[in-house]
Structures are given as structure tokens and as C-alpha cells.
Amino acid sequence: FAGRLAERCYPACRFDCSGLSDSPRAKQGDGLNIEERWMGEIEAAFEMLGCNTGATRFVLFGNCSGARMALRMQDDPRVAGLIPLNLETDVNGGTAYVLDLAMRSDILWRKMWKKPELMRKMLSGGTENDVSQAMHEEPDHEMSNGEILSSALAKPALRCLLLHSQWDKGRKWATQILKEAKTTGLPNGFSHAVLPHMDHEVGLLSGQHE
């Protein structure tokens, strides 16, 4: 997606925050919690793009943890818009989430092999967001995903396209939050769309193209 934007002369930067997917875990001891560190990395991407292209306004498009971090940057004046994809649900279902991850993530198995207590903690229940925190072995987040989403819905000037894959567990949860928000009116710049026939990882090439 970033490559296609670049072909159309839109400056783009695709990266994983430290400890996610292709990026190694950051060195500890900087006194920052994981979200402070990730927000700093996003700000560094802003600065890099700004220095190389002259860009001063940015759109953040993030999947899963990246969706949460995009929403966490909603108050940065440089953010022109947000596209959070597959924001993790706050609804209890952590055990099912672990089993789902175990089917497709060798990283999870490596972590559990090294630290059996992590497996006990993750299988004890909780929300998907709780499980995500346990995987990264970091302190609790300051805000739940529902609180962050509600904060975005309270900003009339914010431009946000919330996306969910059809088969993502967070879709129904987010739809319910938006349904409740519609009683007082959604911001003009806020919309929600579903990617048909697509999973959490957006792993089907036909869906990626669409």
C-alpha cells in the first residue's frame, strides 16, 4: 500500500513499531512504557518524512496495535487523518484470542517456551487488549481501546476512517460503540467500513487489492 502511494507521488513510510512484526524489541532502560516509546517512534517517522519531503501533515494507517497507536496520536496537530484497522476489542475473550494467535504466530510460541508463566497469565482470561499487553510484557495501558475510540468520536474536527475486516472479532464490538454514539451524532469526518471476506491480518491478496 505504501508502495502504491509512492507511485502516485504521495510520500509514504511503512514501518513496525519496536517489538512488533518485523522490528526488533527496543532496548529497555529508557524509562518509557511501551506506548510512550511507540508514540516517540511515530513522531520520529513524522520528522524523517518532513526532512525528506517537506511534509507537515500526516495520515496514520495502522493495523491491530497500530490501529490503537494511530488513535493515540489523535491530539497531535500534525495528524490530518486516521485510518485504524482492526482495533482490538475490549470485550472479554482473551483465551480465544490466544488460541487464534497460536494458530498463526510462531512469535507467541517462542515467548511461551521461554516463559511458561506468560502462558498461564494469558490463558487466565481477560480482554484481547490484556493479552496484547501480556505478549509485550508491559504495564497496563492508561486507556482502554473503547475509551480511546470514544475520545476520537468526541472530536468534531477529526477525520477518521475506522476499518474492520469482516472476520475480525473487533468488528461487532466497534459497531456497537458506533451505534451508541449515533444517538448523539457522529462527527462529520468520522466513518466506519468493513473489508469483506478478510481476516485480522488482512492476509488474503484479493482483499488487500480491494
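The values are calculated or read from the model by the stated rules, or taken from the named source; none is laboratory data. Values in this document were obtained by computation on a predicted structure and should not be read as measured data. For neighbour counting, all protein chains shown are included, and Cβ atoms are generated from backbone atoms with ideal geometry for every residue, glycine included. Each accessible area value is taken on the protein alone, full model and side chains, heavy atoms only, with ligands, DNA and RNA left out. Shrake-Rupley method; radii C 1.70, N 1.55, O 1.52, S 1.80 Å.
Of everything in the stretch 187-210 that's aliphatic (A, V, I, L, M) and modelled with pLDDT of 85 or more, which residue is most open to solvent (accessible area, probe 1.4 Å)? If we take residues in the stretch 187-210 being aliphatic (A, V, I, L, M) and modelled with pLDDT of 85 or more, then Val194 is most open to solvent (accessible area, probe 1.4 Å). Within the stretch 18-39, at least one residue is of a type in the set (S, T, N, Q), at pLDDT 85 or above and either within 23 Å of Cys160 (Cβ to Cβ) or open to solvent by less than 80 Å² (accessible area, probe 1.4 Å) (or both).
Name every residue in the stretch 144-171 that is surrounded by fewer than 16 Cβ atoms within 10 Å (Cβ to Cβ) and touching a residue at least 60 places away in the same chain (Cβ under 8 Å), in order of residue number. Within the stretch 144-171, Ser151, Lys155 meet the criteria. Pairs are defined by a Cβ separation below 9 Å, a sequence spacing of at least 6 or placement on different chains, a first member in the stretch 62-77 that is among the polar types (S, T, N, Q), and a second member that is assigned to a helix (DSSP H, G or I); the pairs so defined are Ser65/Trp38; Ser65/Ser132; Ser65/His136; Gln74/Ile148; Gln74/Ser151; Gln74/Ala152. Can you find even one residue in the stretch 45-55 that is aliphatic (A, V, I, L, M), open to solvent by 40 Å² or more (accessible area, probe 1.4 Å) and farther than 22 Å from Arg78 by Cα? No - not one qualifying residue is present in the stretch 45-55.
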